[in-house]
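Inspection log for the structure reproduced underneath, given as structure tokens.
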Amino acid sequence: MPLASKPIPEREHAHLHTVLLRTYLQLLHSRPVLTKALTSSILSALGNLLSQRIERRHQCESPTKKVDLIAPLRFAAYGFFFTGPLSHYFYLFLEQWIPSSLPLAGLRRLLLDRLIIAPAFLLLFFIVINFLEGKNLKALNQTLKERYWSALKMNWKVWTPFQFINVNYVPVQFRVLFANMVAFFWYTYLASTRK
């Protein structure tokens, strides 16, 4: 099992990044699900905003064009209610169900994540975002037909090396944060597939 993090010693004149890290670690300890949900929410929304900026630049549109603020709110809601909490419990479950002491534990964890959890999580994403956009089941079916398989293949390409590192080398309490940092760019990609 990956080692737990060490507390940061308190100093009278700590740098801002040290204070922020200390606060994050305290929140992670006292309110792990809420902290991970908020982190997921913020990074999901930022990923969507980045997607909009990239799309605007790609289409040579004016940088002063209004930003769609509803889309990042949808991604924030998805991150808060689904990504953060579900990931928290998934990584705890993974650690208990496939302990490091088992032979090929790292490979087993990775296969479980990549072959079962990733397809289900991606499907959940499309369903929730479709619902939050106010679209019907016909629109969902069309989106799934057009985008699910290509998004899943991209998920396997992008996420597999990161998840291997995450489930084998990152301490359990930081796995959601690590995944959120990768997800920042992944949500940028997913937001672009929604267009």
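The values are calculated or read from the model by the stated rules, or taken from the named source; none is laboratory data. Note that the structure is a prediction, hence the values are computed from the model and not measured. Note that each Cβ is placed from the backbone with ideal geometry, even for glycine, and that neighbours are counted across all protein chains shown. Surface areas here come from the heavy atoms of the whole protein model, side chains and all, with no ligands, DNA or RNA. Shrake-Rupley method; radii C 1.70, N 1.55, O 1.52, S 1.80 Å.
Residues checked against (1) charged (D, E, K, R); (2) in contact (Cβ under 8 Å) with a residue 24 or more places away in the chain; (3) buried (at least 17 other Cβ atoms within 10 Å of the Cβ):
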site	(1), (2), (3)
LEU111	no, no, no
ALA118	no, yes, yes
ARG175	yes, yes, yes
ALA179	no, yes, yes
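Per the listing ARG53, ARG22, the residue uniquely at pLDDT below 95, surrounded by fewer than 15 Cβ atoms within 10 Å (Cβ to Cβ) and assigned to a helix (DSSP H, G or I) is ARG53.
With respect to the conditions (1) part of a helix (DSSP H, G or I); (2) over 16 Å from the mean Cα position of the chain (by Cα), PRO99 falls short on a single one, namely (1). When ILE127, ILE98 are checked against the criterion of being within 25 Å of LEU34 (Cβ to Cβ) and among the β-branched types (Val, Ile, Thr), ILE127 stands alone in meeting it. Any residue at all in the stretch 25-33 that is out of contact with any Pro (no Cβ under 8 Å at 6 or more places or on another chain) and among the β-branched types (Val, Ile, Thr)? Checking the stretch 25-33: not a single residue is out of contact with any Pro (no Cβ under 8 Å at 6 or more places or on another chain) and among the β-branched types (Val, Ile, Thr). Between GLY79, GLY84, GLY106, GLY134, the distinction of being at positive phi and either small (Gly, Ala, Ser) or not in a helix (DSSP H, G or I) (or both) belongs to GLY134 only. As a summary of the residue check, VAL67 satisfies the conditions (1) touching a residue at least 40 places away in the same chain (Cβ under 8 Å); (2) over 30 Å from TYR91 (Cα atoms); (3) of a type in the set (Val, Ile, Thr) except for the one numbered (1).
The number of residues in the stretch 135-148 that are open to solvent by 70 Å² or more (accessible area, probe 1.4 Å) and of a type outside the set (D, E, K, R) comes to 4.
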